[in-house]
């Protein structure tokens, strides 16, 4: 049986979500950029179609982007809002199939609806209904495509964005891809594209004429991928996100991107206190801390540190987080934001230890944390922080 | 004027590319999507293209599809939803695209089906729109399927007759407000019948699999033939009949039965 894969793509997801919240933003080209306008290091996080048409691109310096699109209004990113919007989108999609593979708050998702025709009808009808539903419920208007693989569905979406739909019939993948430029093929690196251009190959159909052996010489192991992809063959499965355990996530976005270790360390310490307070409020212990640094080029570095017994002690959690920071601190690219995620959350045992052998230092720490929690509960989160967070 | 002789009728189904028709036995086990049209054409001389409603027709895709069907095989193409159900200010551009996309089919195009939504009633605004739409599609054989009862009036039939546009005769569940089943011929060149099934409960649900889940009994089709098909055949040169009850391959089963019945 031919597979039926639907690709839904809400174009310029961050912009689309912001415009739902504030309809006045629809009247201008919009740039979502981390940091305030006018700061030299601020870069574009996302932009509206109008700004894109004017030459604005993701990762571009805001100053340059503002020159390209002078009419654009600039706002700061709200990752938490995008995350919630993505969750709302996925919630509606999983009614049709459990096989949903989603991106990270970017409005992309793949659905494998193979074999669901008896329940919901043909795949194009499912995609059309979903689009209608998302438009009515959330105000999001995704482009959709239907194909027999993720690769072809993604290319089809790229062809039609920012509006529309594309159905690629099973068995027509190679014909569909042949006239398209190589740059539209997912997974192709800039170096590979350069090599192909050096060989005077510009269309996917030209690449598809080469044999596996011919591709092996310049591309080695990647030759096999290029051979299959150029023919529209992609057998990779739609992988649903693993069941998410209970977790606590805190994020800090730097007003100006930074490469200063002390500045990032201070931000991490603040996040630790937030996580610790959340754990204590819920009477839980955290067993693993995952630190993610989001760099200005859009790449992410992450490390995690575990502690078997689990803890809600800010000092213990801080040591874990700093350990992760030491490991992750390597790229010489400025950091836009950092995310601290506490996983393996366990309930605190109601049973006290038989022999209370707390060190003097531990007792002191507990007193400090209790006092800080009291201050925070009276004057709000962040009203008092550990010295390392300054 | 009614004649004694009955005109020929071409029977087909609404769409042909259904995976569940493999499970249901209409297509042999292991049939892949690209092979379906060729196999379908062994049983029926015509098909109604459904996918053209979901996405704008593209000339290259149409050309590829034609190459898989016999030369004498005919197509009825649904007008795309951006012109009927989800139209906006740019609908004329969409019609232009449609005209361009459908061009390769012209030699084998029996008719373009303009299926209008249930909300499209006989209001002044909608009348203007329909007239404008028919004008922009001038030159193509056209058929209009109304879903709203307010269009069932003589002035509408007279206007369609003047324009040589076929009024689609529908067999559907008895839903209040739905356009009724009529044997009115507005275009003597062609009549057009669509069997949607009579699943009342399914019709009211949003689920396409429930909506078109119905199997016509032989007696129902025989009765329909006497009551509607024969009068239609006396008033036109040719007729096309499509079964839309595609669920579990009931459409091709009913289609085959009707074909045999008409041959007798």
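The values are calculated or read from the model by the stated rules, or taken from the named source; none is laboratory data. This structure is a prediction, so every number in the text was calculated from the model and none was measured. FYI the Cβ positions are ideal-geometry reconstructions off the backbone, even for glycines, and counts take in every protein chain you see.
Laid out as a table, the results:
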| read-out | value |
| --- | --- |
| Which numbered condition residue A:302 misses (of (1) in contact (Cβ under 8 Å) with a residue 24 or more places away in the chain; (2) surrounded by fewer than 18 Cβ atoms within 10 Å (Cβ to Cβ); (3) closer than 17 Å to residue A:385 by Cβ) | (3) |
| Unique match (being within 15 Å of the chain's Cα centre (by Cα) and either within 27 Å of residue B:139 (Cβ to Cβ) or more than 14 Å from chain A (Cβ to nearest Cβ) (or both)) among B:175, B:184, B:193 | B:193 |
| Selected residue (only one of B:207, B:225, B:244, B:235 is within 14 Å of chain A (Cβ to nearest Cβ) and under 30 Å from residue B:163 (Cα atoms)) | B:244 |
| Selection from region B:7-17 of residues that are crowded, with 16+ Cβ neighbours inside 10 Å and more than 10 Å from chain A (Cβ to nearest Cβ) | B:7, B:9, B:10, B:11, B:12, B:13, B:14, B:16 |
| Which numbered condition residue A:239 misses (of (1) surrounded by fewer than 18 Cβ atoms within 10 Å (Cβ to Cβ); (2) within 14 Å of chain B (Cβ to nearest Cβ); (3) closer than 23 Å to residue A:103 by Cβ) | (2) |
| Filter result for the condition that a residue is touching a strand residue (DSSP E or B) at 6+ places or on another chain (Cβ under 8 Å), at pLDDT below 85 and outside any strand (DSSP E or B), over A:66, A:40 | A:40 |
| Residue B:107 outside any strand (DSSP E or B), more than 14 Å from chain A (Cβ to nearest Cβ) and under 25 Å from residue A:113 (Cβ atoms) | no |
| Restricting region A:110-139 to residues that are away from every other protein chain (no Cβ under 13 Å) and crowded, with 21+ Cβ neighbours inside 10 Å, the residue that is farthest from the chain's Cα centre (by Cα) | A:112 |
| Failed item, numbered, when residue B:164 is tested on (1) on the phi > 0 side of the Ramachandran plot; (2) crowded, with 18+ Cβ neighbours inside 10 Å | (2) |
| Some residue of region B:18-40 being surrounded by 19 or more Cβ atoms within 10 Å (Cβ to Cβ), in contact (Cβ under 8 Å) with a residue 40 or more places away in the chain and within 30 Å of residue B:155 (Cβ to Cβ) | no |
| Residue count, region A:57-109 (criterion: within 30 Å of residue A:1 (Cα to Cα) and under 12 Å from the mean Cα position of the chain (by Cα)) | 5 |
| Residues located in region A:120-142, provided they are free of Cβ contacts under 8 Å to residues at least 24 places away in the same chain and closer than 23 Å to residue A:22 by Cβ | A:135, A:136 |
| Region B:217-264, residues that are farther than 16 Å from residue B:13 by Cβ and in contact (Cβ under 8 Å) with a residue 60 or more places away in the chain | B:229, B:230, B:231, B:232, B:233, B:234, B:235, B:236, B:237, B:238 |
| For residue A:294: the one exception among (1) surrounded by fewer than 17 Cβ atoms within 10 Å (Cβ to Cβ); (2) at pLDDT 85 or above; (3) not in a helix (DSSP H, G or I) | (1) |
| Single residue of A:60, A:1 found to be within 14 Å of chain B (Cβ to nearest Cβ) and either touching a helix residue (DSSP H, G or I) at 6+ places or on another chain (Cβ under 6 Å) or touching a residue at least 12 places away in the same chain (Cβ under 8 Å) (or both) | A:1 |
| From the options A:171, A:187, A:205, residue that is within 14 Å of chain B (Cβ to nearest Cβ) and at positive phi | A:171 |
| Filtered residue count, region A:90-114, keeping only those that are assigned to a loop (DSSP other than H, G, I, E, B) and at pLDDT 90 or above | 8 |
| Any hit, region A:96-105, residues being within 13 Å of another protein chain (Cβ to nearest Cβ) and crowded, with 22+ Cβ neighbours inside 10 Å | no |
| Region B:45-79, subset within 12 Å of another protein chain (Cβ to nearest Cβ) and in contact with a helix residue (DSSP H, G or I) (Cβ under 6 Å, 6 or more places away or on another chain), residue modelled with the lowest pLDDT | B:68 |
